[in-house]
Amino acid sequence: MHLRRLTVADFRSWERAELDLEPGVSVLVGPNGVGKTNLVEAVGYLATLGSHRVASDAPLVRRDAERAVIRATVVHQGRELTVELEIAPGRANRARVNRAPVARPRDVLGILRTVLFAPEDLALVRGDPGERRRFLDDLLVARRPRFAAVRADYDRVLKQRSALLKTARNSARSSAGEDLRTLDAWDGHLARHGAALLAGRLDLVAGLTVPAVEAFAEVAPSSEPIALVYRSSLDGLLPATAAELEPLLLAALVTVRRQEVERGVCLVGPHRDDLELRLGAGPAKGYASHGESWALALALRLASYRMLCADGVEPVLILDDVFAELDDRRRRALAGVAARAEQVLVTAAVADDVPADLGGVRFAVNGGRIERCSAALPQTPTSATHT
């Protein structure tokens with residue numbers, strides 16, 4: 001799988017930009033703040049319907065513009081598809097495939113697959129559980145796009161049930177009234193959708209563990225081994241199927257009902273879970289060194305890439321300003337993976353940050369322009385694409 005062309009309009013800092021791409025390595029080089037990351041962020045958004053930098057869509061639209069448009073031509077097994085997303089904060093986003101509208105933006109998921117490694121990934125190790133839950137769910141959707149609907153349904157039910165709990169907490173009838181009868185129905189919805197999401201995550205972690213452990217050993221051979229442990233809000237050993245998990249979730253909701261009403265929050269479900277990253281005998285968070293934290297984040301992304309490749313669809317690998325953060329060993333390990341990938345998009349503030357043997361095509365980005373250079377990135381670009 002690879003991108004043949006990327007076009008953005010009113011996306012972040014770009015009024016308009018077009019970038020013609022080829023299989024292999026493409027490196028975008030330019031000073032900080034000139035829009036390199038904005039371009040690869042647009043590619044990631046097409047693949048996931050989300051940004052790796054911000055939680056909402058509003059910052060993605062150029063100031064004073066009403067909407068942003070991202071369009072890309074994706075080539076897979078000799079077939080070309082053009083996918084387009086229109087981002088309009090405050091309104092429903094719209095999507096097209098080969099210029100034909102689709103019912104929902106999530107219907108384009110799976111057309112383009114990416115694995116993106118960025119400085120923000122350090123939060124996978126050092127951040128709160130929400131960062132790791134998002135990592136799991138994004139990878140789950142990348143592998144099985146149908147889980148986008150499961151994720152959306154669960155989030156919708158969780159929002160509705162949480163609002164009802166707050167109402168019940170503040171209601172004089174909360175001990176045995178209409179609020180709690182309504183809550184019984186939402187318990188069933190939460191258990192059903194939560195069981196499906198939880199089953200998907202458990203299966204994902206089971207498949208992710210070995211490649212992550214192997215990748216970490218490659219990039220940090222002198223460190224203790226790592227382990228991935230899924231920590232659920234449910235107690236005990238968990239079954240693997242949604243059908244078996246649903247009654248367990250429902251029973252747990254009954255058990256914590258009083259506490260939930262008193263606090264006005266939902267205490268059981270996948271939204272309370274965490275992927276515990278362990279280094280040796282203890283948790284990586286708070287104990288891993290800075291280098292080990294980077295190595296662990298890198299291992300998770302490399303493991304994701306290998307899982308997607310094993311599914312038969314090689315994703316576009318995006319390396320957003322990460323070589324500058326890595327030592328020589330980790331640079332070499334990452335460059336080795338990149339050299340074998342069908343397509344890699346790299347951003348760097350300084351050309352020397354990118355390993356010289358990585359090869360590929362270089363683009364200079366500066367002053368609102370994207371200019372294609374020779375592989376060695378001369379001081380004066382030789383020819384322009386189109387911005």
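The values are calculated or read from the model by the stated rules, or taken from the named source; none is laboratory data. Bear in mind that the values here come from a model prediction, so they are computed numbers and not experimental data. Note that we place each Cβ from the backbone using ideal geometry, even for glycine, and neighbour counts take in every protein chain shown. For the accessible areas, the whole protein counts, side chains as well, though only heavy atoms, and no ligand, DNA or RNA atoms are used. Shrake-Rupley method; radii C 1.70, N 1.55, O 1.52, S 1.80 Å.
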**Report entry** Surface accessible to a 1.4 Å probe, per residue, for the residues of the stretch 101-183, Å²
**Finding:** 48 Å²
Report summary line: Among 75, 97, 148, the residue whose Cα sits farthest towards the positive end of the charge dipole of the stretch 31-176, when +1 is placed on the Cβ of each Lys and Arg and -1 on the Cβ of each Asp and Glu, is 148
Query - Rounded D (µm²/s) - the chain, Kirkwood Rh over Cα pairs, Stokes-Einstein at 4 °C, 1.567 mPa s - result: 58 µm²/s
**Report entry** the stretch 28-134: GluC sites (Glu not before Pro) in DSSP coil with no more than 14 other Cβ atoms inside 10 Å
**Finding:** 66
Query raised in the report: Using a probe of 1.4 angstrom, how much of the accessible area of the chain is carbon and sulfur, in percent?
Result: 49 percent
Requested in this report: Tally the DSSP beta bridges in the chain and give the antiparallel ones as a percent, rounded to 5.
Outcome: 70 percent
Report task. Please list the non-local residues whose amide H lies under 5 Å from the amide H of residue 116, H modeled 1.01 Å from N, same-chain partners needing a gap of 5 or more. Result -> 318
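Let a ≥ b ≥ c be the square roots of the eigenvalues of the Cα gyration tensor of the stretch 8-88; is it rounded (a/c under 1.5), or, if not, prolate (a/b larger than b/c) or oblate? Numbers along the way, then the final one.
Details: a/c = 1.83, a/b = 1.30, b/c = 1.40.
It comes out oblate by the Cα gyration axes.
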Report task. Give me Rg over Rh for the stretch 215-289, both radii from the alpha carbons and Rh done the Kirkwood way, two decimal places. Result -> 1.13
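Mind checking the stretch 1-105 for trypsin sites (Lys or Arg not before Pro) that DSSP puts in a loop (not H, G, I, E or B) and that have at most 11 other Cβ atoms within 10 Å?
Values: sites: 4, 5, 12, 16, 36, 53, 62, 63, 67, 71, 79, 91, 94, 96, 99; in loops: 12, 53, 62, 63, 67, 91, 99.
Here the sparse-neighbourhood loop sites are 63, 91, 99.
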Query - Range of Cα positions in the stretch 35-160 per principal axis (Å), largest first - result: 40, 34, 34
Report task. Report ³J(HN,Hα) in whole Hz for each residue of the stretch 106-116, in order, from the Karplus equation J = 6.51 cos²θ - 1.76 cosθ + 1.60 where θ = phi - 60°; Gly and Pro get x. Result -> 5, 5, 8, 4, x, 5, 10, 10, 9, 10, 10
Query raised in the report: Near residue 36, which lysines are there with a Cα under 25 Å away, not counting those fewer than 8 places off in the same chain?
Result: none
Report task. Please tell me the relative contact order of the chain in percent, rounded to the nearest whole number, where contacts are Cα pairs under 8 Å and at least six residues apart. Result -> 24 percent
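Tell me which trypsin sites (Lys or Arg not before Pro) from the stretch 160-250 have a DSSP coil assignment and no more than 14 other beta carbons within 10 Å of their own.
On the way: sites: 161, 166, 169, 173, 181, 192, 201, 231; in loops: 173.
Taking the stretch 160-250 and a limit of 14 other Cβ atoms within 10 Å, the loop trypsin sites (Lys or Arg not before Pro) found are 173.
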**Report entry** In sequence order, calculated HN-Hα J values of the stretch 229-246 (Karplus, 6.51, -1.76, 1.60; Hz; x Gly/Pro)
**Finding:** 10, 7, 9, 9, 6, 8, 8, x, 6, 9, x, 9, 9, 5, 4, 7, 6, 4
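Taking a cut-off of 16 Å, what percent of all Cα-Cα pairs in the stretch 104-147 are separated by more than that?
On the way: 424 of 946 pairs.
It works out to 45 percent of all Cα pairs.
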**Report entry** Cα-centre dipole for the chain with unit charges at Cβ (Lys and Arg positive, Asp and Glu negative), debye to 20
**Finding:** 960 debye
Report summary line: With the dipole of the stretch 141-237 defined by +1 on each Lys or Arg Cβ and -1 on each Asp or Glu Cβ, the option from 215, 185, 195 whose Cα lies farthest towards the positive pole is 185
Query raised in the report: Which of 223, 171, 233 moves the most in a Gaussian network model of the chain with Cα springs under 10 Å?
Result: 171
Report summary line: Long-range amide H partners of residue 14, meaning residues 5 or more apart or on another chain whose placed amide H is closer than 5 Å, are none
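Given R₀ = 41 Å, FRET efficiency for residue 184-residue 213 by Cβ-Cβ distance, to 0.05?
Working: r = 43 Å, r/R0 = 1.05.
Calculated value: 0.45.
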Requested in this report: Would you mind working out the accessible area per residue for the stretch 1-94, using a 1.4 Å probe, and quoting it in Å²?
Outcome: 44 Å²
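What accessible area per residue, rounded to a whole number of Å², is obtained for the stretch 194-261 using a probe radius of 1.4 Å?
Values: 3280 Å² over 68 residues.
Heavy-atom SASA per residue in the stretch 194-261 reads 48 Å².
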